[in-house]
Amino acid sequence: MLEARKLSRLTLGPVDLSLEAGEVVALRGASGSGKTLLMRALADLDPCRGDVLLDDVERRAFFAPDWRKAVAWVPAEAGWWSDTVIEHFTDWQVALPLIEELGLSPDCGGWQVSRASTGERQRLALVRAISQQPKVLLLDEPTSGLDRQSVAQVETLIARLAGAGASVLWTTHDEDQAARVASRALLIENGKLAAAA
Amino acid sequence: MNYVQLEYTDLALASLLVLANAGLSLVLNLGLARRMLLATLRMVVQLSLVGLVLKSLFAVASPWLTGLVAVTMILFAGREIMARQERRFDGLWSYSLGTGSMLFALTGPVRPDPWFDPRYALPLLGMILGNTMTGISLGLHTLTTGLVRDRAGVEAQLALGHSRNEAFRPIVQAALTSALMPIVNSMAATGLVSLPGMMTGQILAGVDPAEAVKYQILIMFLIAGGTSLGAVVAVLGGAWRLSDQRHRLRLDRLK
């Protein structure tokens, strides 16, 4: 599905990486080891060297916004650009069932973003990206601020998406979670990628 | 024409106001005193020099000399725009974006006839340049600081597949608003709250107020036109420079 060859930028890489359709891969590494750099590079948010392909099509052949709709990055701390929650969604009707599935209130659309808690914002940002039906999900610690029940809901949702064919790269510091959600784990150290033991 | 000649003591008295302000800043620890005194000093020296230059230019009325002075004024305005930026563009862009936008702005409205008559050309240029410079530097300042501050929001939109135009729109709008704010405010308040400097000057010098008003309206049109043109070119040019073909936010192109 997604393939990166000799991807490098600043301290990152060169990285070779391949994600199969329906595969969830855990990405582990200390803070500052290059996890976020790698995800930004895959989402084409920073200029970098090397090739990235989606279903064997070169990234260059994509219109950049279309690439990012297909290869969606959800950062650990999501950005917001309007006052109310609903303004951040292209299609609220598509998002609503996912919002309820993650245990959020169905009338959160009218909330001020500043009123939502960290955990609520984190789940809203996840739904915002997922509701555009990306083929590849790059999740940067998607459950770091959540309670145990919400963590389980997020894990179930992502597992279902992977079951439907999405590829997921999932950053986590939690080894138990990595073992639960992913079929294999990668370790990143000083910008270099290796299969985790 | 009959008008009241100013004595140097009048000027000295008026300068006490600035000194009082600087004193206030020192007492309240606002950190403005140095900048204010420096700007005042520059104003006095520059205006005195320009008085001498204009006097001799008017006597000669040479197209070459008028052109040279005009170019010098534009280059200085470009440097001022650059110097006022908290976050500057890298490389040549830091100077050429502001200066280029100003040159473009001036090609629109300024058409004195004969263009080389320094008595018309230079005062008009000076007034338009001053306002355009303020507009462009406010616009660029709002653009760059806004993009740095709202980086997460802009990148969230880009990551969701919005184009750079969509993602930058709120900040570009804010930048243009702040660039045009001074001229819009002054047009709205002029005549009711404020009497513009040039018109007042003409009236003080004995010109019929109705004639002075006509001149002032013309100048306001030229200033508004020049400022909008310059601000639009500078802000859109800046937004273009701070993004790339792949619709990325390129804050690395700021120093």
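The values are calculated or read from the model by the stated rules, or taken from the named source; none is laboratory data. The model shown is predicted, which means the values in this text are computed figures rather than measured ones. Positions of Cβ are backbone-derived with ideal geometry, glycine not excepted, and every protein chain shown enters the neighbour counts.
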* Asked: Restricting attention to the stretch A:39-98, which residues are part of a strand (DSSP E or B), away from every other protein chain (no Cβ under 12 Å) and closer than 21 Å to residue B:168 by Cα?
  -> A:84
* To do: Among the candidates A:92, A:73, single out the residue that is at pLDDT 95 or above and surrounded by 13 or more Cβ atoms within 10 Å (Cβ to Cβ).
  => A:73
* Here are some conditions: (1) touching a His at 6+ places or on another chain (Cβ under 8 Å); (2) surrounded by 16 or more Cβ atoms within 10 Å (Cβ to Cβ); (3) away from chain A (no Cβ under 14 Å). Residue B:86 meets all but one. Which one does it not meet? -> (2)
* Structure fact -> Counting only strands (runs of 3 or more DSSP E) wholly inside the stretch A:109-197, the ones holding at least 1 residues that are touching a Pro at 6+ places or on another chain (Cβ under 9 Å) and within 18 Å of residue A:95 (Cβ to Cβ) are none
* Asked: In the stretch A:99-130, what residues are under 19 Å from the mean Cα position of the chain (by Cα), buried (at least 19 other Cβ atoms within 10 Å of the Cβ) and more than 14 Å from chain B (Cβ to nearest Cβ)?
  -> A:99, A:102, A:120, A:123
* Structure fact -> Over the stretch A:1-16, the set of residues crowded, with 21+ Cβ neighbours inside 10 Å and not β-branched (Val, Ile, Thr) is A:2, A:4, A:7, A:12, A:13
* Structure fact -> Taking the stretch A:180-197 and keeping only residues that are in contact (Cβ under 8 Å) with a residue 12 or more places away in the chain and exposed (fewer than 15 other Cβ atoms within 10 Å of the Cβ), one is left with A:183, A:184, A:189, A:190
* Asked: Exactly one of (1) among the basic types (Lys, Arg); (2) more than 11 Å from chain B (Cβ to nearest Cβ); (3) loosely packed, with under 13 Cβ neighbours inside 10 Å is unmet by residue A:28. Its number?
  -> (3)
* Structure fact -> Counting only residues in the stretch B:227-244 that are closer than 15 Å to residue B:183 by Cβ and not hydrophobic (A, V, I, L, M, F, W, C), the one surrounded by the most Cβ atoms within 10 Å (Cβ to Cβ) is identified as B:230
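Conditions tested, residue by residue: (1) closer than 30 Å to residue A:60 by Cα; (2) touching a helix residue (DSSP H, G or I) at 6+ places or on another chain (Cβ under 9 Å); (3) loosely packed, with under 15 Cβ neighbours inside 10 Å.
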| residue | (1), (2), (3) |
| --- | --- |
| B:163 | yes, yes, no |
| B:174 | no, yes, no |
| B:211 | no, yes, yes |
| B:219 | no, yes, no |
| B:225 | no, yes, no |
| B:246 | yes, yes, no |
| B:249 | yes, yes, no |
* To do: Hey, can you tell me all the residues within the stretch B:53-73 that are over 18 Å from the mean Cα position of the chain (by Cα) and either surrounded by fewer than 10 Cβ atoms within 10 Å (Cβ to Cβ) or among the β-branched types (Val, Ile, Thr) (or both)?
  => B:53, B:55, B:59, B:60, B:64, B:66
* **Residue ID - nearest to residue B:6 (Cα to Cα), chosen from residues in the stretch B:183-193 that are under 19 Å from the mean Cα position of the chain (by Cα) and surrounded by 12 or more Cβ atoms within 10 Å (Cβ to Cβ)** => B:190
* Asked: Is the stretch B:213-234 home to any residue that is among the hydroxyl-bearing types (Ser, Thr, Tyr) and within 14 Å of another protein chain (Cβ to nearest Cβ)?
  -> no
* Subset of the stretch A:147-179 [charged (D, E, K, R) and either exposed (fewer than 12 other Cβ atoms within 10 Å of the Cβ) or without any contact (Cβ under 8 Å) to a residue 60 or more places away in the chain (or both)] -> A:147, A:148, A:155, A:160, A:174, A:176
* Asked: How many residues does the stretch B:140-160 hold that are in contact with a Pro (Cβ under 9 Å, 6 or more places away or on another chain) and surrounded by fewer than 22 Cβ atoms within 10 Å (Cβ to Cβ)?
  -> 4
* Is it the case that the stretch B:136-146 has a residue that's touching a strand residue (DSSP E or B) at 6+ places or on another chain (Cβ under 7 Å) and in the same structural domain as residue B:74 (by TED's automatic domain parsing)? -> yes
* Structure fact -> Filter the stretch B:76-95 for residues that are out of contact with any helix residue (DSSP H, G or I) (no Cβ under 7 Å at 6 or more places or on another chain) and of a type in the set (A, V, I, L, M, F, W, C); the one that is nearest to residue B:122 (Cα to Cα) is B:76
